[in-house]
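The values are calculated or read from the model by the stated rules, or taken from the named source; none is laboratory data. Everything numeric in this text was worked out from a predicted model, so none of it was measured. Because the Cβ atoms are built from the backbone with ideal geometry, glycine has one as well, and the counts that use them run over all protein chains shown.
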Amino acid sequence: MALSARARRLIEAAPLCGPKTADYLELIGVRTFEELADADAEALRLRVNAALGRPHINRMGVRAFENLIAAAKAHVAGTKKPRAVTAKPRRTKAARRARRRPASFEALKKLALSLGLPGVSEGTS
């Protein structure tokens, strides 16, 4: 049996979920949005992967299922919309810039000298 338009709308409204997520849930036999309140994200991942015959749902997909389950639990309980589990937190611009900036040879040499590493002399390279 196919998902109702209402169930599909509720699924697609959850963070990180879209039409594909609804299609995958329909593939494994989920019929109502309320069914998801008692589901387990890892179990859903295994069922979808088994139905597709290959590993397809990754960590981001599991996060999407976690969001969906939290939304279904909130819907069943009649409470506010839950906070979403999103992708990895973004690094600040300064952190991204610092990661790209390689250390200079002189800075590395000073560090090696301060640590007393063997094979490093104060002369020019």
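For segment 34-65, which residues satisfy the criterion of being more than 18 Å from the chain's Cα centre (by Cα) and over 22 Å from Ala77 (Cβ atoms)?
Answer for segment 34-65, where residues must be more than 18 Å from the chain's Cα centre (by Cα) and over 22 Å from Ala77 (Cβ atoms): Arg47, Ala50, Ala51, Leu52, Gly53, Arg54.
Mind counting the residues in segment 1-28 that are within 24 Å of Thr79 (Cα to Cα) and in a loop (DSSP other than H, G, I, E, B)?
The qualifying residues number 7.
When you scan segment 30-125 for helices (runs of 4 or more DSSP H) that lie fully inside it, which ones turn up with 2 or more residues that are under 24 Å from Glu12 (Cα atoms) and modelled with pLDDT of 90 or more?
Working: elements: 41-52, 59-77, 93-100, 105-115.
Hits in segment 30-125: 41-52, 59-77.
Exactly one of these conditions fails for Leu52: (1) closer than 19 Å to Gly18 by Cβ; (2) without any contact (Cβ under 8 Å) to a residue 60 or more places away in the chain; (3) buried (at least 17 other Cβ atoms within 10 Å of the Cβ). Give me its number.
That leaves (3) as the condition not met.
Quick one: is Arg31 surrounded by 13 or more Cβ atoms within 10 Å (Cβ to Cβ), in contact with a helix residue (DSSP H, G or I) (Cβ under 8 Å, 6 or more places away or on another chain) and farther than 20 Å from His75 by Cα? Walk me through how you get there before you give the answer.
On the way: surrounded by 13 or more Cβ atoms within 10 Å (Cβ to Cβ): yes; in contact with a helix residue (DSSP H, G or I) (Cβ under 8 Å, 6 or more places away or on another chain): yes; farther than 20 Å from His75 by Cα: no.
No, not satisfied.
Within the set of pairs 6 or more residues apart or between chains, which connect a residue that is touching a residue at least 12 places away in the same chain (Cβ under 8 Å) and of a type in the set (S, T, N, Q) inside segment 28-44 to a residue that is in a helix (DSSP H, G or I) and surrounded by 12 or more Cβ atoms within 10 Å (Cβ to Cβ) with Cβ atoms less than 9 Å apart?
Pairs that qualify, where the first residue is touching a residue at least 12 places away in the same chain (Cβ under 8 Å) and of a type in the set (S, T, N, Q) and the partner is in a helix (DSSP H, G or I) and surrounded by 12 or more Cβ atoms within 10 Å (Cβ to Cβ), are Thr32/Ala7.
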